[in-house]
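The values are calculated or read from the model by the stated rules, or taken from the named source; none is laboratory data. Just so we're clear, the structure is a prediction, and the values are computed from it rather than from any experiment. For neighbour counting, all protein chains shown are included, and Cβ atoms are generated from backbone atoms with ideal geometry for every residue, glycine included. These accessible areas exclude ligands, DNA and RNA; they are computed on the full protein's heavy atoms, side chains included. Shrake-Rupley method; radii C 1.70, N 1.55, O 1.52, S 1.80 Å.
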Amino acid sequence: MSEATQFHAGIDTETVERIAEERNEPKWLRAKRLEALEALSDLEFPDVIRTPGRTWTNLEDLDFEALVEPFDQTEEKDWVADDQATVVPFHEALNDADLEELVKEHFGSVVDPQENRLTALSTALFTTGTVIYVPSNVDAEDVKIRTTMNGQSLFNYTLVVTDSSASVTILERQDTGEDVEGDERYYSGIVEVAAGENSYVQYGSLQDFDQSTYNYTLKRGVTDTYSTVNWIEGNLGSRLTKTEVSTLLEGESSETKIVGAFFGHEDQHFDLDSKVWHRAEHTTADLVTRGVIDDEARSVYEGVQDVGREAWDTSSYQRENTLMLSDESEADASPKLIINNHDTEASHSATVGQIDQEDLFYMEGRAIPEHVAKNMLVEGFFVPVLEEVEVEELREDLQERIAELLRA
């Protein structure tokens, strides 16, 4: 019995071939799937955040045998597309010769399918996804994707490609259907963004799965000269979320911003990575994250700014703040600077703390009930990061859901 089979008895060559056959996939994609399957047993799980004396997340302890059902991947997916952009289901794109060539060129070019065990698993088993292509000089403002997970597991893939001087704003929502049966579920999402010269991509995401869902996502963009890739990442749901949002600044004078907000309660667990690699001259990055945890929730954050030897005239900044509302909650943050070029302006900071008792005392002294005062302070805590969210609809959704969680 192969190690891949030991990892999950239902994952073998026959399974992967069946998924590809049912979707009438081209030979090159089937080969990618089978290569990922073959490598599965030799790959490690994704790196998790470690702080002094503690490993926060143990992905290898998850029961993937129970969580993953390759043939119970059902979902509802809705798209809203700008008329000037191409936004199509992944497998529909493969039926168009030009789009298939685009997908073939970029699939796995930003996120290596064999980067780790879970990216390989996603490549071998994914059944749904979206291809977004924006031609040169097109400004596509209103692209929306909503994925409602209805099955035991779901593997989702998204590819975004922009040509020169193109622009696109994408808003993605993920949640769980109301009538989903079963105790626990697994969602995996891979997003690749290839931004052409002088193009602009803004990708906003709101994850609101139910608390029986284990969530692994990896979103990564790569920039060309003068291009911008910005991320907005809202994490409110799931039982466990392990996510990485990152940008590879390969183009001269390119830039990125990663904005994150999270709210954990009950026994939720968030393991959140933000990463930027400066690999060209005159690149700029700004990483901003704020989160609140309550009850017995746990969060750990790692932000990495990696400045390469050739990255002259780099500007890179990072700020992370976590607010704990209960004595049973746990949080830590690990910002990192890796600088290999002296012509760099960079800073990083992180704080973890509880509500200021003086602020609370002041508000209670003005006849504001304690729970109302706490909620007001939490909503105020999120204001600096919400002000960084340029997509108005996503900002309003985050505000509304945070208010709902506070009232729960």
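Structure summary
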item	result
Residue list for region 290-308, restricted to those being under 20 Å from Asn215 (Cα atoms) and open to solvent by 10 Å² or more (accessible area, probe 1.4 Å)	Arg290, Asp294, Glu296, Arg298, Glu302
From the options Leu37, Leu59, residue that is more than 30 Å from Gln268 (Cβ to Cβ) and not aromatic (Phe, Trp, Tyr)	Leu37
Criterion (charged (D, E, K, R) and open to solvent by 80 Å² or more (accessible area, probe 1.4 Å)) met by exactly one of Glu320, Glu328	Glu328
Matching entry among Thr86, Thr74 (being within 22 Å of Ser153 (Cα to Cα), hydroxyl-bearing (Ser, Thr, Tyr) and open to solvent by less than 70 Å² (accessible area, probe 1.4 Å))	Thr74
Enumeration of residues in region 346-367 that are open to solvent by 50 Å² or more (accessible area, probe 1.4 Å) and either outside any strand (DSSP E or B) or hydrophobic (A, V, I, L, M, F, W, C) (or both)	Val352, Asp356, Gln357, Glu358, Asp359, Phe361, Tyr362, Glu364, Gly365, Arg366, Ala367
Top-ranked residue of region 368-397 - restricted to ones that are outside any helix (DSSP H, G or I) and open to solvent by 90 Å² or more (accessible area, probe 1.4 Å), ranked as modelled with the highest pLDDT	Glu387
Sole exception among (1) within 18 Å of Val87 (Cα to Cα); (2) open to solvent by 20 Å² or more (accessible area, probe 1.4 Å) for Asn150, by number	(1)
Members of region 236-248 found to be in a strand (DSSP E or B) and either touching a residue at least 40 places away in the same chain (Cβ under 8 Å) or at positive phi (or both), listed by number	Leu240, Lys242, Glu244, Leu248
Residue in region 366-373 that is within 23 Å of the chain's Cα centre (by Cα), more than 25 Å from Phe209 (Cβ to Cβ) and touching a residue at least 12 places away in the same chain (Cβ under 8 Å) present	no
Residue in region 338-345 that is touching a strand residue (DSSP E or B) at 6+ places or on another chain (Cβ under 7 Å), part of a strand (DSSP E or B), surrounded by 19 or more Cβ atoms within 10 Å (Cβ to Cβ) and of a type in the set (Ser, Thr, Tyr) present	no
Scan of region 206-216 for residues that are surrounded by fewer than 24 Cβ atoms within 10 Å (Cβ to Cβ) and either in a strand (DSSP E or B) or of a type in the set (D, E, K, R) (or both), ordered by number	Leu206, Gln207, Asp208, Asp210, Tyr214, Asn215
Qualifying residue in region 267-278 (condition: outside any strand (DSSP E or B) and over 26 Å from Ser227 (Cα atoms))	yes
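Every residue, every condition in (1) touching a helix residue (DSSP H, G or I) at 6+ places or on another chain (Cβ under 9 Å); (2) of a type in the set (A, V, I, L, M), yes or no:
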| position | (1), (2) |
| --- | --- |
| Val103 | yes, yes |
| Val110 | no, yes |
| Arg117 | yes, no |
| Ala120 | yes, yes |
| Thr123 | yes, no |
| Val131 | yes, yes |
| Val134 | no, yes |
| Lys144 | yes, no |
| Thr148 | no, no |
